[in-house]
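**Student:** Handing you a structure now.
The values are calculated or read from the model by the stated rules, or taken from the named source; none is laboratory data. What you see is a predicted model; the values in this text were computed from it and never measured. Glycine gets a Cβ as well: all are built from the backbone with ideal geometry, and neighbour counts include every protein chain shown.
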Amino acid sequence: MLMEIKFSHVKTDVLDDVSFTIPSGVITGISGDGMEEVLKIIAFGGARGIVCYDKIRKTKKNEEKIEKDISYVPMIFQKEFPFDNIAEYYRAFFYSHRIKTFNMEEKIKGAIKIVGLEESILKRTFSELSSSEIKLIQFSLTFLENPKVFLLEEPFLSFDEANHQKIMRVLEKLKDKFHKTIVIASKDQNILYQDTKYLIMLEKGKLLVEDMSENVYYCQKEDVKSRIKVPKIVEFIQYVEQEKGIRLDHRKDVKDVMKDIYRNVS
C-alpha cells in the first residue's frame, strides 16, 4: 500500500508554518534547517497544524495505529535494550516489537543476510563492532520490523560507497516491490541528488522549495538557486555546458558524464 504524507501549515519551535507533500512511489529527500524535526513529527507527532497519512488526518484516536506503521531510524543508533550480545538483542527486539513469524531465528538470520552481514555476527557484542557494522545492524532491525514508512536520518554517514549502494538496492526494492514510503533526511546534497527522486528543501524552518530532485538543482529561479548548495556532479555538468558549450544529460554517475563528454568531443 502506497502512503502519501502531507503537511499543512505545520508549526513547532523549529518549523514555521510549512506545507508540503511527501509523495508515494518515490524516494523523497529532505534537507535544511528542521529536517530532523520533520522526521520526528511524522513518527511521533507533537506539532500544531495538520499531518495527513493517505488523506487521513492524524488525531489522538488514530495516532497509535498510524505510528505502528512508521520506523524512524536516527543518525546515531540508540539501544533499546541492555543486552550487548547481538543475538540476545535481536531476540529482545523481536519480542518487544511483536514481530510475527513461524521461526524467529530464521527471520533474524534473513534480516542479517539482507544487509550483507555474516551470520557469525550474532555471536559477537556491540562493543566489538565497527561503526559501519552497527549501522548495518540498525538497518537490519528496521527491515525486520517491516514498516510501511522508513524515515532515515543521515543514513550513510558511516558507510563506504559499497555499503551505501548495497543499502540503496534494498531500499529501491522495498519501494518498487513492496510499495514502501522512504524518506532520507540529509545535509549531503550529493547523496540527495544521487538517491532521491523528490526533494523538499527547508531554510530557517520555512519551506524553500519542493520539486523533483533534478528540477531542484537545475531548474530553479536564481533567487532560490543561489541558496541551494549544488552537488559536485551538477556543478561539473554546468561547468562543461557553460565553458565548453557541450550540452550534457543530467547524469547521476560521473562515469556516465565522462562518456557523454567523450561522445560529444568525438
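**Student:** Quick check, is SER31 under 27 Å from LEU199 (Cβ atoms), touching a His at 6+ places or on another chain (Cβ under 9 Å), polar (S, T, N, Q) and surrounded by 13 or more Cβ atoms within 10 Å (Cβ to Cβ)?
**Tutor:** Numbers: under 27 Å from LEU199 (Cβ atoms): yes; touching a His at 6+ places or on another chain (Cβ under 9 Å): no; polar (S, T, N, Q): yes; surrounded by 13 or more Cβ atoms within 10 Å (Cβ to Cβ): yes.
Against the criterion (under 27 Å from LEU199 (Cβ atoms), touching a His at 6+ places or on another chain (Cβ under 9 Å), polar (S, T, N, Q) and surrounded by 13 or more Cβ atoms within 10 Å (Cβ to Cβ)), SER31 does not qualify.
**Student:** Right, next: Which one of PHE156, PHE139, PHE150 is part of a helix (DSSP H, G or I) and among the aromatic types (Phe, Trp, Tyr)? It would help to see each step written out before you state the result.
**Tutor:** On the way: PHE156 fails: part of a helix (DSSP H, G or I); PHE150 fails: part of a helix (DSSP H, G or I).
Result of the check over PHE156, PHE139, PHE150: PHE139.
**Student:** Does LYS55 fit the bill of being among the charged types (D, E, K, R), closer than 21 Å to PHE143 by Cβ and in contact (Cβ under 8 Å) with a residue 40 or more places away in the chain? Before the answer, list the steps.
**Tutor:** Details: among the charged types (D, E, K, R): yes; closer than 21 Å to PHE143 by Cβ: no; in contact (Cβ under 8 Å) with a residue 40 or more places away in the chain: yes.
Judged against the criteria, LYS55 is not a match.
Let's see how each residue does on (1) over 23 Å from the mean Cα position of the chain (by Cα); (2) surrounded by 15 or more Cβ atoms within 10 Å (Cβ to Cβ); (3) assigned to a loop (DSSP other than H, G, I, E, B):
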| residue | (1), (2), (3) |
| --- | --- |
| PRO82 | yes, no, yes |
| TYR95 | yes, no, no |
| THR101 | yes, no, yes |
| LYS113 | no, no, no |
| LEU144 | no, yes, no |
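**Student:** To continue, here is another question. Has segment 199-214 got any residue that is touching a residue at least 12 places away in the same chain (Cβ under 8 Å), over 28 Å from LYS11 (Cβ atoms) and buried (at least 17 other Cβ atoms within 10 Å of the Cβ)? Working first, answer last.
**Tutor:** Keep residues of segment 199-214 that are touching a residue at least 12 places away in the same chain (Cβ under 8 Å), which gives 199-214.
If we keep only those that are over 28 Å from LYS11 (Cβ atoms) too, we end up with 214.
So of that shortlist, the ones also buried (at least 17 other Cβ atoms within 10 Å of the Cβ) come out as none.
No, every residue in segment 199-214 fails to be touching a residue at least 12 places away in the same chain (Cβ under 8 Å), over 28 Å from LYS11 (Cβ atoms) and buried (at least 17 other Cβ atoms within 10 Å of the Cβ).
**Student:** Under 25 Å from LEU2 (Cα atoms) and either at pLDDT 95 or above or of a type in the set (D, E, K, R) (or both): is that true of GLU145 in this structure?
**Tutor:** On the way: under 25 Å from LEU2 (Cα atoms): yes; either at pLDDT 95 or above or of a type in the set (D, E, K, R) (or both): yes.
The answer is yes for GLU145.
**Student:** So is PHE139 closer than 21 Å to ILE108 by Cβ, at pLDDT 95 or above and either out of contact with any helix residue (DSSP H, G or I) (no Cβ under 9 Å at 6 or more places or on another chain) or crowded, with 21+ Cβ neighbours inside 10 Å (or both) or not?
**Tutor:** Values: closer than 21 Å to ILE108 by Cβ: yes; at pLDDT 95 or above: yes; either out of contact with any helix residue (DSSP H, G or I) (no Cβ under 9 Å at 6 or more places or on another chain) or crowded, with 21+ Cβ neighbours inside 10 Å (or both): yes.
Here the answer is yes, as PHE139 does meet what is asked.
**Student:** Keeping to segment 12-25, report how many residues are part of a loop (DSSP other than H, G, I, E, B) and over 14 Å from the mean Cα position of the chain (by Cα).
**Tutor:** 6
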